[in-house]
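Trainee: Please see the structure below; I have some questions.
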Amino acid sequence: WKNKKVGRGIGAIVHNDKREFVAAIAKRISKCRSAVVMEAIALVEGLCFCRNTGIVGLIVESDAKEIVCRLKQGSGFPFDVEILLEDSISLSREMVVSDFVHTRRTSNMTAHELAQAACQLEDFEVWLEVPPGG
């Protein structure tokens, strides 16, 4: 994480239980100074994206180990991400999230690449049924 004064981005990908592509979003986020806060924003944005597209019954995967561990505990959130993680828990109940799972970045490269590409967007881009570059 490098604290540059440029836009940041988040990327989220939705797969079904067969690991087939369902949807994805890349969104530019401005003025975020912390990687942990950006990961929490990505989680909230991903859950909101699923809610807005009618996707429920989720297992949320993230390469942000600290965020995943805190969500599994359900409390003791650091002050700088407390509201975001509480929103994530509230959304996860609404979206019927069965689990939060940590995954290695190497298993999450497409979302990472979407986040990097999002830095160049004006706002956001969405893919439904056909993956990015597909």
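The values are calculated or read from the model by the stated rules, or taken from the named source; none is laboratory data. These numbers come from a predicted model, not from an experiment. So basically every Cβ, Gly included, is an ideal-geometry build from the backbone, and we count neighbours across all protein chains shown. Calculation scope for accessible area: heavy atoms of the full protein, side chains included, ligands and nucleic acids excluded. Shrake-Rupley method; radii C 1.70, N 1.55, O 1.52, S 1.80 Å.
Trainee: Contact list please: Cβ distance under 7 Å, first residue in region 18-29 and over 17 Å from GLU113 (Cβ atoms), second residue in a loop (DSSP other than H, G, I, E, B) and open to solvent by 50 Å² or more (accessible area, probe 1.4 Å), pairs at least six apart or on different chains.
Mentor: VAL22/ASN16
Trainee: For the subset of region 65-87 comprising residues that are free of Cβ contacts under 8 Å to residues at least 12 places away in the same chain and farther than 15 Å from SER98 by Cα, which member is least open to solvent (accessible area, probe 1.4 Å)?
Mentor: Of everything passing the filter in region 65-87, PHE77 is least open to solvent (accessible area, probe 1.4 Å).
Trainee: Restricting the search to region 111-129, which residues are among the charged types (D, E, K, R) and under 15 Å from VAL14 (Cα atoms)? Show your work before the answer.
Mentor: So in region 111-129, the residues among the charged types (D, E, K, R) come out as 113, 122-123, 125, 129.
Within region 111-129, GLU113, GLU125, GLU129 meet the criteria.
Trainee: Go through region 46-57 and report how many residues are out of contact with any Ser or Thr (no Cβ under 7 Å at 6 or more places or on another chain) and crowded, with 18+ Cβ neighbours inside 10 Å.
Mentor: 3
Trainee: Would you say LYS18 is at pLDDT 90 or above and either open to solvent by 30 Å² or more (accessible area, probe 1.4 Å) or closer than 19 Å to ARG8 by Cα (or both)?
Mentor: no
Trainee: Which one is nearest to SER62 (Cα to Cα), of the residues in region 88-129 that are assigned to a loop (DSSP other than H, G, I, E, B) and open to solvent by 80 Å² or more (accessible area, probe 1.4 Å)?
Mentor: The qualifying residue nearest to SER62 (Cα to Cα) is ARG104.
Trainee: How about region 76-112: which of its residues are of a type in the set (D, E, K, R) and in contact with a strand residue (DSSP E or B) (Cβ under 7 Å, 6 or more places away or on another chain)?
Mentor: Hit for region 76-112 is ASP99, nothing else.
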